[in-house]
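Worksheet: the structure to be examined is printed underneath.
The values are calculated or read from the model by the stated rules, or taken from the named source; none is laboratory data. Keep in mind that what you see is a predicted model, and the values were worked out from it rather than measured. Cβ: placed from backbone, ideal geometry, glycine included. Neighbour counts: every protein chain shown. Heads up: the accessible areas ignore ligands, DNA and RNA and are worked out on the full protein's heavy atoms, side chains in. Shrake-Rupley method; radii C 1.70, N 1.55, O 1.52, S 1.80 Å.
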Amino acid sequence: MLMSANGFVINSAIDGSIQMKSYLMGNPELKLALNEDINIKNQGVGGLHGGYGAVVLDDCNFHESVDLQDFSELRTLSFYPPDGEFAVMNYRITGDFRVPFRIFPYAEQQTQHKVEVTIKVRADIPEQNYGGNVQISCMMPKGTASVSTELGPGVTGQSAEYLPAEHKLIWNIKKFQGASESTIKARVTLSSPSPNAKKEVGPVSLNFEIPMYNVSNLQVRYLRI
């Protein structure tokens, strides 16, 4: 997803897949049931329950082994799994969905030699979930001589470093609990006076993993052999 500097979402998309790895002997038939409220654009409402809260897919495609006979009514896939790992289904969503993290950056030019950058990140995922291996990176002005960082309290397992060759600040958070927020303050010293250095700060980017949580709300109801 792409956000503006004030946290407004400009565009967003989910590219997802259901991956399966099969070690079954004798090639039995499997039935995989998904949410009953899946709607696919340009295919009418479909499914048993349309309306608010439904999962709306822009498009999806299935592995060649999948029988879609019960998909339009029951949202169930039947297939004889090939050996090894394969994608049962790929899907894409561009509609509104709950943003897992929000970023609030702020840069202040204190003198011609100093810029202070503050980045606040909020985890908008449920409290019982957490972001793992969260990495926030922010480009710094080309004329940066040094960066000192101050990490906000309350989050364990976080670290920050400045990579001079790439003009990039990297902030790592090992475990970022849902419904919490964290802040980093970076004091940037410039090698020569630059009154517009704060305009060179950014963009800020964020990568993460969230175990046992699916932003798309697509769910596997059951898998039967």
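Does any residue of segment 173-180 turn out to be open to solvent by 70 Å² or more (accessible area, probe 1.4 Å), of a type outside the set (Phe, Trp, Tyr), over 30 Å from residue 91 (Cα atoms) and free of Cβ contacts under 8 Å to residues at least 60 places away in the same chain? Among the residues of segment 173-180, not one is open to solvent by 70 Å² or more (accessible area, probe 1.4 Å), of a type outside the set (Phe, Trp, Tyr), over 30 Å from residue 91 (Cα atoms) and free of Cβ contacts under 8 Å to residues at least 60 places away in the same chain, which makes the answer no. Among residues of segment 16-28 that are touching a residue at least 12 places away in the same chain (Cβ under 8 Å), those with a beta-carbon under 7 Å from a residue that is open to solvent by 80 Å² or more (accessible area, probe 1.4 Å) and aromatic (Phe, Trp, Tyr) at least six positions away or on a different chain give the pairs 27/80. For segment 83-115, name all the residues that are aliphatic (A, V, I, L, M), out of contact with any His (no Cβ under 9 Å at 6 or more places or on another chain), outside any loop (DSSP other than H, G, I, E, B) and within 30 Å of residue 178 (Cα to Cα). If the condition is that a residue be aliphatic (A, V, I, L, M), out of contact with any His (no Cβ under 9 Å at 6 or more places or on another chain), outside any loop (DSSP other than H, G, I, E, B) and within 30 Å of residue 178 (Cα to Cα), then 93, 103, 107 are the ones that fit.
Against the definition (more than 19 Å from residue 105 (Cα to Cα) and open to solvent by 30 Å² or more (accessible area, probe 1.4 Å)), how does residue 156 come out, yes or no? Yes. The number of residues in segment 118-153 that are in contact with a helix residue (DSSP H, G or I) (Cβ under 8 Å, 6 or more places away or on another chain) and either in a strand (DSSP E or B) or crowded, with 18+ Cβ neighbours inside 10 Å (or both) comes to 4. For a quick check of your reading of the model, give me the residue pairs whose first member lies in segment 65-82 and is under 10 Å from residue 29 (Cα atoms), whose second is of a type in the set (Phe, Trp, Tyr) and surrounded by fewer than 19 Cβ atoms within 10 Å (Cβ to Cβ), with beta-carbon atoms closer than 9 Å and at least 6 apart or on different chains. Partner pairs satisfying both residue conditions: 79/62. Of all residue pairs spaced 6 or more apart or on separate chains, those with beta-carbon atoms under 6 Å, a first member in segment 122-143 that is over 17 Å from residue 160 (Cα atoms) and a second member that is polar (S, T, N, Q) and in a strand (DSSP E or B) are 130/177.
How about segment 56-82: which of its residues are buried (at least 19 other Cβ atoms within 10 Å of the Cβ) and in a helix (DSSP H, G or I)? Residue satisfying the conditions is 71 alone. Would segment 100-108 turn up any residue that is within 20 Å of residue 221 (Cβ to Cβ) and either surrounded by 12 or more Cβ atoms within 10 Å (Cβ to Cβ) or in contact with a Cys (Cβ under 6 Å, 6 or more places away or on another chain) (or both)? No. The set of residues in segment 106-117 that are within 16 Å of residue 186 (Cβ to Cβ) and either touching a helix residue (DSSP H, G or I) at 6+ places or on another chain (Cβ under 6 Å) or of a type in the set (S, T, N, Q) (or both) comprises 107, 109, 110, 111, 115.
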